[in-house]
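Have a look at the structure below before the remarks.
The values are calculated or read from the model by the stated rules, or taken from the named source; none is laboratory data. A quick note: this is a predicted structure, and the numbers were derived from the prediction, not measured. When we count neighbours, we look across all protein chains shown, and the Cβ atoms used for this are built from the backbone with ideal geometry, even at glycine.
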Amino acid sequence: MNNGKICVSVCAETADELIEQIKHAEDLADIIEIRFDCLDKSELSIFDDKKRYEFYKKLPATKKSYLTTFRPKEQGGSREITREERDHFWNSGYETEWADCEEDIIEDSFYWLWKERICSYHDFDGVPDDLIEIYERLKATNADVVKIAVRAYDITDTISLWKLLERWKSERESLKAKKLKEIEELNRKLSALKNTVSPPDTFLRIIPIAMGESGKWTRILGLAHGAFMTYASLDSGSETAPGQVSARDLREVYRAKELDETTEVYGILGGSTGVSLSPYMHNAAFRYHNLNAVFVPLQAHDLNAFMRRMVKPATREIELNFRGFSVTIPHKRSIIEHLDYLDETARKIGAVNTVKIEGGKLYGYNTDAEGFLAPLLDSYGDLTNTRVAVLGAGGAARACVYALQTAGARPTVFARDLTKARSLADDFQVELKELPKTENRKPKTLFTDFDILVNTTPLGMKGKFENETPATADELAGLQLVYDLVYTPFQTRLMAEADKAEVPKIGGLAMLVAQGAAQQKIWTNLEAPVREMSRAALERLR
Ligand code: NAP
């Protein structure tokens, strides 16, 4: 458990909408930030004190604290606001407990009348080189809290911000020690008068935020490392800044307020982590076992820089207590050179989807093959001599072919680009066939010699491929089973084609959960709560 707070930002154009949002935020927030800059000008009559007072009276009474923000567009606010409007706003006595003011307005306002004051700095384009000077400047305003929000495009962009949090922490510790000494001295003098004073319990606080998907982990782990507050959106889809996590996810999925500096940190390490189901699945498992562990998105484009600057004990610049990763596209093969140990299955497949970190050493495994096979054996049974058409020749196909061979099946790989697929065929000594576009296949007999069809291409996946299928119903007729690795959407176009052909099917979610359960076993040595993991992934998917 930590002392941090979750602040839910509400942002609406009309007072009525705003009030609805506030009511909705109440259960989730410790502090509710009212983004006055979101309100339409006509709703918030800045220069009409009476009207504005009327507006203010409409705000629902709440046990939570309100935070006032009125940010101009150039500093990340939602509309153009003139200096005159800002001056008037900050000098006309709104009375919420908290105020968040930008640096440039502080000296000219009655900001000091607010009980608790945040002085904030935002950079939506990157991370400034002079972060420390900015911090010192904000500190010099004598605000109660300094907020610095910068934009991270890659995960290592977050390092300087995190170092700032560490700097603040050590400053606070030495200041506390100094104050304590002064107080002790004073109490010694006062003892003759039988009087004592207590040390102050408030020091400058800090809110460091790295915006963007690559910075999301700072929003989740910040509170555990001393950050005063983290900002959350009301719902997924109503974010007021890039990379914001919903308040419900922060509380219930990531348990951000329950984490501390000893929390074991795991994460999904990939080039695009925004829509991953893994945090839902793995955090459900950690919660089930009541472990002090969390699973966060770690979006890294430059894997080498991430491993060097944030992971490897000899070279890392910050300490995050990383214990393991789920590795995904495009790092499954390139991670291998960073490992101290490679498991035999991962070596044979030539890809790693699981890293465990223990005693400073990195161990690589591949649970995709096991995850792929478990639901297949459940639905099909013995695979000996079963003829399987594997569509696609990427990372997932390698794991599937390996798994099928170990189970005694006879896989054939179908790929659109035979040259690219050659290494897979050679490595596993399997037959390779061309996969022409569906519309170019005549007659429709490509899969007539097979028992099972497995799709490992992204065709059918949410986004640009959603309406596509690697095979049509007339081509599937006669097969015993169709297995689609794609899991978003839950029911893919290929699965609909299988229904049409009356062929049994398995969707990708079963494999996702099974490979995740095997990862849990590697990381925690405990039996994974498969039902909870599956439910969490499914709920998110829906
Ligand atoms: P990958 O390494 O990028 O391989 C994708 C393969 O599909 C490549 O052979 C690629 O061919 C082929 N492909 C791409 N677009 C195609 C198209 N339009 N038509 C025909 N073939 C096409 O990706 P991966 O890691 O193997 O993942 C593939 C899919 O499996 C993804 O949808 C992923 O989400 C899913 N997956 C699911 C699980 C699970 O647990 N359910 C686990 C792993 C992967 P080229 O080389 O010619 O581009």
### Message
Anything in segment 393-435 that is in contact with a Ser or Thr (Cβ under 7 Å, 6 or more places away or on another chain) and at positive phi? List them, or say none.
### Response
Gly408
### Query
Within segment 391-417, can you find the residues that are more than 32 Å from the chain's Cα centre (by Cα) and either within 13 Å of the ligand (Cβ to nearest atom) or hydrophobic (A, V, I, L, M, F, W, C) (or both)?
Leu404, Ala407, Ala409, Val413, Phe414, Ala415, Arg416, Asp417
## Note on the structure
Those residues of segment 301-331 that are over 19 Å from the mean Cα position of the chain (by Cα), more than 17 Å from Gly215 (Cβ to Cβ) and basic (Lys, Arg) come to a total of 3
### Query
Which of the residues spanning segment 301-327 are assigned to a helix (DSSP H, G or I), surrounded by fewer than 19 Cβ atoms within 10 Å (Cβ to Cβ) and in contact (Cβ under 8 Å) with a residue 60 or more places away in the chain?
Ala305, Arg309
### Query
List, please: which pairs have Cβ atoms under 6 Å, are six or more places apart or on different chains, and start with a residue in segment 41-61 that is exposed (fewer than 12 other Cβ atoms within 10 Å of the Cβ) and end with one that is assigned to a loop (DSSP other than H, G, I, E, B)?
none
### Query
Inside segment 328-347, can you point out the residues that are more than 16 Å from the ligand (Cβ to nearest atom), surrounded by fewer than 17 Cβ atoms within 10 Å (Cβ to Cβ) and either touching a residue at least 40 places away in the same chain (Cβ under 8 Å) or closer than 11 Å to Leu303 by Cβ (or both)?
Glu337
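Here are Leu541, Leu526, Leu481: which of them is at pLDDT 95 or above, aliphatic (A, V, I, L, M), surrounded by fewer than 22 Cβ atoms within 10 Å (Cβ to Cβ) and in contact with a Phe, Trp or Tyr (Cβ under 6 Å, 6 or more places away or on another chain)? It would help to see each step written out before you state the result.
On the way: Leu541 fails: at pLDDT 95 or above; Leu526 fails: in contact with a Phe, Trp or Tyr (Cβ under 6 Å, 6 or more places away or on another chain).
Within the list Leu541, Leu526, Leu481, the selection yields Leu481.
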### Task
Look through segment 418-431, keep the residues that are within 14 Å of the ligand (Cβ to nearest atom) and either of a type in the set (Ser, Thr, Tyr) or free of Cβ contacts under 8 Å to residues at least 24 places away in the same chain (or both), and return whichever of them is farthest from Asp382 (Cα to Cα).
Thr419
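Can you give me the ranges of the strands (runs of 3 or more DSSP E) entirely in segment 183-295 with at least 1 residues that are closer than 20 Å to Gln519 by Cα and β-branched (Val, Ile, Thr)?
Working: elements: 205-211, 229-233, 264-270.
Correct list: 264-270.
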